[in-house]
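The values are calculated or read from the model by the stated rules, or taken from the named source; none is laboratory data. No experiment lies behind these values; they were computed from the predicted model shown. Neighbour counts run over all protein chains shown; Cβ positions are idealised from the backbone, glycine included. When the accessible area is computed, the model is the full protein with side chains, heavy atoms only, and any ligands, DNA or RNA have been set aside. Shrake-Rupley method; radii C 1.70, N 1.55, O 1.52, S 1.80 Å.
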Amino acid sequence: MAEISSDVVKKLRDKTGAGMMDCKKALTETNGDMELAIDFLRKKGAAVAAKRADRETNQGVVEAYIHAGGRIGAMVELNCETDFVAKTPGFKQLAHDIAMQVAAMTPLYVSREQIPQAVIDKELDIYKIQAQNEGKPAPIAEKISQGRLEKFYQETVLIEQSFIKDSGKTIKDIIDEETAKVGEKITVRRFLRYHLGESN
């Protein structure tokens, strides 16, 4: 039987997320047949679950970025599904870019879902009062307040912010681009931003 090349093993690992030794064994057992090897891994439980929206992302990196002569710093935990993807240059670059974004743009939340309802209600109240003070009738004030709330999301929610390196894209866009490249779900789990002298 032909020797199983490391390229073929890597290709199987890319497709399944299984370990290198598991992939090699699967290919050896199936005479190098990729589809049979994937089935073999699934039966053994070594392959990651079939692609789905709720896939677990428990691998990844914690990336730090320090800016402005050590006065501002940020840490981001960026997650993916496999250790293999976590070690790729593209994934590491994405984590670095997001940490830089946090340092530069001071987001408060990763996603809209993290914003407490009380904060949203308070913002809406402020926007309604502002619109009414500008002489707008109630239905128009309501529309204006909703528009201003969207702007609030774009400023405070990390994944909705314009990317500092390319204002035509949001952080969600650059995460989606990397997701498409690696074929794995990528998520920002959390971040921290430090500014010298400020309490978090």
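Roughly speaking, what is the centre-to-centre gap between the range 1-37 and the range 162-200 when only Cα atoms are used, to the nearest Å?
33 Å
Cα convex hull of the chain: how many Å³ per residue? Present the calculation step by step, with values, prior to reporting the outcome.
Details: hull volume 33.3 nm³, N = 200.
Per-residue hull volume (Cα only) is 166 Å³.
Expressed as a whole percentage, what fraction of the accessible surface of the chain belongs to carbon and sulfur atoms when a 1.4 Å probe is rolled over the protein heavy atoms? Mind showing how you got there, number by number?
Working: 6270 of 11820 Å².
Summing carbon and sulfur atoms, their accessible area is 53 percent of the total for the chain.
What number, in percent, do you get for the relative contact order of the range 1-143 if the mean sequence gap of Cα pairs under 8 Å and at least 6 apart is divided by its residue count? Don't skip to the answer; put the middle values down first.
Values: 139 pairs, mean separation 20.7, N = 143.
Relative contact order comes out at 14 percent.
Quick check: residue separation of residue 42 and residue 112 times 0.36 nm, minus the Cα distance between them. What number comes out in nm? Provide the component values of the computation, followed by the final result.
Values: separation 70, 0.36 × 70 = 25.20 nm, distance 3.58 nm.
Taking residue 42 through residue 112 to full extension adds about 21.6 nm, to one decimal.
Using alpha carbon coordinates only, what is the Rg to Rh ratio of the range 74-157, with Rh defined as the Kirkwood radius? Working shown, then result.
Values: Rg = 18.2 Å, Rh = 15.2 Å.
Expressed as Rg/Rh, it is 1.19.
Subtracting the Cα-Cα distance from 0.36 nm times the residue separation, let me have the gained length for residue 92 to residue 31 in nm, one decimal. Please report the intermediate quantities before stating the final value.
Working: separation 61, 0.36 × 61 = 21.96 nm, distance 3.49 nm.
Working it through step by step, the gained length comes to 18.5 nm.
Which of the listed residues, 149, 93, 196, is farthest toward the dipole's positive end in the chain, when Lys, Arg count +1 and Asp, Glu count -1 at the beta-carbon?
My answer, from the dipole projection, is 196.
Can you give me the accessible area per residue for the range 83-174, using a 1.4 Å probe, in Å²?
55 Å²
Identify which of 60, 17, 135 has the largest mean-square fluctuation in a Gaussian network model of the chain, with springs joining Cα atoms closer than 10 Å.
Taking springs between Cα atoms under 10 Å, the residue moving most is 135.
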